[in-house]
């Protein structure tokens, strides 16, 4: 094909290719294309395994999308990739949550793990392994590591005392608490003392300090590394690695009264996936992991506890632990513990409705926004307006419109067939050099986990291509009889777009596939490799293009306002969406007795209630003033929605919702006849 004969235009590039052949690092694929050999080029990346106490939200999606983009790019670059994610399914909180929802822990875990898998499928996550800590393969590994540390003398039995947060299953020092509450979740902690097995974490403090100082790339970004070093230098305490106060966990192999605690249970998932103790060839190939992606709130577990556990077992630590920042919504952290949640699938569906794009393309827009909007590693505030701006300016205009402008010109002037370019001029050379620079820059940015920078570089190429088309003005060239020059301008524009599409495909897999179909290139996008993006004039002339509808249709602000107004409740005949019987059965409605009530300080309408719902007293925050006083409520039997996700209201965690009727500015609580006990089900 015409373009492939110039695949290696410069002498240094040709020489590098020849040297690669001689050294056995490059193999020919035919038709002038090359592929870097996957021999010894492996890449293992992980997300944290997510706790199944509640369904997934956009915070989980952020980490997983980032890992997916990196994994896809590494496959594009010719690596043999292992990309793992999964769910953490043991612990007292799961036991309690399952009981509160009227199911056994395994049934609850199956349900929430299924929701994670469903969301990852919808978000186009290309994981290779989904690990669940309730799987037999993982139970064997967790027990093996526990027993190995015990036989090494690194685990011993003792009494552990400390302030314990059930939400993060962590013990904290008095100095680490914030106003007597968990520093991560802001919830009350409880003093716990129990007999358990402890791991000699303190024994490895000096080793870990040396390891981090000798391998600064082990913890990134630098600000997080400094936090870890400061924490380790302040002194490590021995760590509780078993519990006896609950049973939902992996039994300690030599002491059935104890279950293995989260540090060994959850963290060892990474070596379970790699094949430890079960597939030695796989383990030797993929371990150590190249990158553990984690949120900054769990960095200490991965950068302190995990490498020490591995070192104790004689296993190499991972190469890198990278802690990214938090997303907030109106300056409140998006998380289950705060109750501030954004559902990425609902968001994608709304974006598709507003734009008219297919929902897979809307998913791509969210993937792009999350990674482009904020430098990876820093915090960011989620904004619908910013998402729409990125959709219109970056995706619809810079990317989509470049395709929509160029293909009709090929149709009009060259019968829909990509023309052969003529002799190159200075501006052609400049576009070519920009394209080749961008390929290298994107690869370097991905290697450094600067995901926002990689996307900025792709947009640098798109900006150059848009400017090149505007200045080249092929429509004017045709009018002046310079069809040969017009052919060159259109060909080079499409070539730059081809390269940008390959580079963008890990971030926007659906949209780029649609664009590739319109380009008409016979080799599927999924078969392209990074080396194909390094070939200028890799677009075979003579290809028939297939123009189609815009991939990213612009979102009009008027349409946004109309949808918002349409979705507001209508007075009178209010429209209510129907739900199924199964959906109704998911509501855990119970009788609750108000034991205590008080006004929330600094508020006009809010009351904080302590409600007995049977075996558990929940805190509810509700705006009932002036309809009820605190004294009115104590002793009332009310109806409570018990499986509503917790949320933060004026610094108080509200753990459910009471039911009330509203009409004409009046409010009446729903109460029950007779005297049912607290916790009685309402159905």
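Please treat every number below as a calculation from the coordinates, not as lab data. Being a predicted model, the structure only gives us computed values, none of them experimental. Cβ: placed from backbone, ideal geometry, glycine included. Neighbour counts: every protein chain shown.
So, in Å, what gap is there between the alpha-carbon centers of the stretch 533-551 and the stretch 396-413?
11 Å
How would 403, 669 line up from fewest to most surrounding beta-carbon atoms within 10 angstrom?
The order, fewest Cβ neighbours first, is 669, 403.
At 7 Å along the Cα-to-beta-carbon direction for both residue 657 and residue 255, put a label point, then send me their distance in nm to one decimal.
Distance between the two pseudo-spin positions: 4.5 nm.
Sum -39500 (n - 2.57) across every DSSP H segment of at least 4 residues in the chain, then divide by the residue count to get the 222 nm mean residue ellipticity, nearest 500.
-12500 deg cm²/dmol
Which order results if 245, 603, 510 are arranged by neighbouring Cβ count within 10 Å, fewest first?
Ordered by Cβ neighbours within 10 Å, fewest first: 245, 603, 510.
Can you give the FRET efficiency for residue 415 and residue 121, using 1/(1 + (r/R0)^6), R0 = 41 Å, r = Cβ-Cβ distance, to the nearest 0.05?
0.50
Compute the FRET efficiency between residue 556 and residue 683 as 1/(1 + (r/R0)^6), taking r as their Cβ-Cβ distance and R0 = 41 Å, and round to the nearest 0.05.
Given R0 = 41 Å and the Cβ-Cβ separation, E is 0.35.
Work out the FRET efficiency for residue 152 and residue 177 from their Cβ-Cβ distance, taking R0 = 30 Å, and round it to the nearest 0.05.
Values: r = 33 Å, r/R0 = 1.10.
That pair, residue 152 with residue 177, gives E of 0.35.
Taking a cut-off of 30 Å, what percent of all Cα-Cα pairs in the stretch 42-333 are separated by more than that?
28 percent
If packing is taken as the average count of other Cβ atoms within 10 Å, what order do 55-64, 494-503 fall into, highest mean first?
On the way: 55-64: 22.6, 494-503: 25.7.
Ranking the peptides 55-64, 494-503 by packing returns 494-503, 55-64.
Angle, helix 451-472 long axis vs. longest principal axis of the chain, Cα atoms, 0 to 90°, nearest 10?
In the chain, helix 451-472 runs at an angle near 30 degrees to the longest axis.
Taking N as the number of residues in the stretch 584-669, what is its Cα Rg relative to 2.2 N^0.38 Å?
1.03
Quote to one decimal, in nm, the extra length available between residue 41 and residue 129 on full extension: 0.36 nm per residue of separation minus the C-alpha distance between them.
That pair, residue 41 and residue 129, stretches by 29.8 nm at full extension.
Please give, to one decimal in nm, the separation of the simple spin-label points placed at residue 384 and residue 595, each 7 Å out from Cα toward the Cβ.
4.0 nm
What base-10 log of the normalised intensity I(q)/I(0) is obtained for the chain from the Debye formula, alpha carbons as equal point scatterers, at q = 0.07 Å⁻¹?
Each listed q corresponds, in turn, to -0.58.
For the stretch 276-418, what does the alpha-carbon gyration tensor say about shape, rounded, prolate or oblate, given a ≥ b ≥ c as the root eigenvalues, a/c under 1.5 as rounded, and a/b over b/c as prolate?
oblate
Throw me the Rg/Rh for the stretch 360-533, computed over C-alpha atoms with Kirkwood Rh, two decimals.
Result for the stretch 360-533 is an Rg/Rh of 0.98.
What order, most packed first, do the peptides 292-301, 278-287 have when packing is the mean number of other Cβ atoms within 10 Å of each residue?
The peptides rank, most packed first, as 292-301, 278-287.
Using Cα atoms only, what is the angle between the long axis of helix 557-566 and the major principal axis of the chain, expressed in degrees (0 to 90) to the nearest 10?
The angle comes out near 30 degrees.
Order these peptides, 220-226, 548-554, by their mean beta-carbon neighbour count within 10 angstrom, highest first.
Sorting 220-226, 548-554 by mean packing, highest first, produces 548-554, 220-226.
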